[in-house]
Every structure is written in C-alpha cells, then in structure tokens.
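Please treat every number below as a calculation from the coordinates, not as lab data. For clarity, every value in this text was computed on a predicted model and none was experimentally measured. Here Cβ is always computed from backbone atoms with ideal geometry, including for glycine, and neighbour counts include all displayed protein chains.
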Amino acid sequence: MTQLTKYNIFVDGASKGNPGESGIGVIISKDNHVKINFSQYIGIATNNVAEYLALIYGLQEALMQKIEDVNINTDSELLYKQIKGDYKVKDPTLRILNRLVKHLWCGFDKIEITHIPREKNKGADKLAVTAIEKRPVLLKKQSKFKASQDDQLIGLV
C-alpha cells in the first residue's frame, strides 16, 4: 500500500458588489511549497457563488493532477459549514454547486476541509481580487471584432 501525500488547497472567491464582478483564486501546495496557483474571472456573481466556484476549480485541478489526499482551506464560514452539513443549503444555485462539490469529493481517497482565518488565506484572496482587476475588457462595437481561434479556445468569446 502506497502512502498518500497530503496536499493543501487554499480557495477564495471575491466579488466587487454582491452580486458583482467576481473572481476566484486557488493555491495548491505540498510541504509548504506552491505547486499550482491560478485565478479566474467568473463574471457577475455573488460572493458565495464565487467561493463555491473556487472550491470546484480547486477540486477539479487536484483530480486532473491525480492528487488523492487533500485538505481544503477556506476562510468562508458559510462554505465550510454547508459542506460539513452544519448549515442547510437554501439558495437554489448554491444547492446545485454544493451537490457538484460532493460529487467531486468522491474522487479523492482522503479529503478534509478546514475553516481558516482570512489572514491565513491571503494568497488565494489576492489571486481572486487580481482576477477581477484583470478581467477581459469587452469591446463596445463587438460586431467589428473577429475572434481568433485562440480567443475562442480560451473562452474569451
């Protein structure tokens, strides 16, 4: 039996307004060394949706990297308590996202979630805020804009 190596995944979502322009930040580390970090602009969303999407992206990335043993770190009390089952998920959108998280959860041999203070999640927070600041800028006259194949592949159009 091989010993699993524990990875830490730090997740955060940010919104400028609630709902508002939103982004996510994810850091995957092992032995206190960052292995993967990324941010993604997600458009107009609530902060809670952004928190869930950060977790979903983090779980998906870990599965793609074939990581089997993870500890999720979040500063969102709502996300933490809904995943743990301490809070009911009343919002219909969050209910769908919660089910998706639980589905992804099944792909891991060992998984835990930890509620951490904001000051211990500054890296993921910075990535989420940066995603909002660097969001794609839409051109006013889109009819004259011809998307390149690369733009289409990365979801800019």
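Secondary structure note: in segment 6-153, about 65% of the DSSP beta bridges are antiparallel.
Here the contact order of segment 6-153, divided by its residue count and restricted to Cα pairs under 8 Å and six or more residues apart, works out to 31 percent. Shape of segment 30-120 from the C-alpha gyration tensor: rounded (a/c under 1.5, with a ≥ b ≥ c the square roots of its eigenvalues). Here the simple spin-label model places points 7 Å from the Cα toward Cβ, and for Cys106 and Thr130 these points are separated by 3.5 nm.
Take 88-94, 43-49 and order them by the average number of nearby Cβ atoms within 10 Å per residue, most first; the result is 43-49, 88-94.
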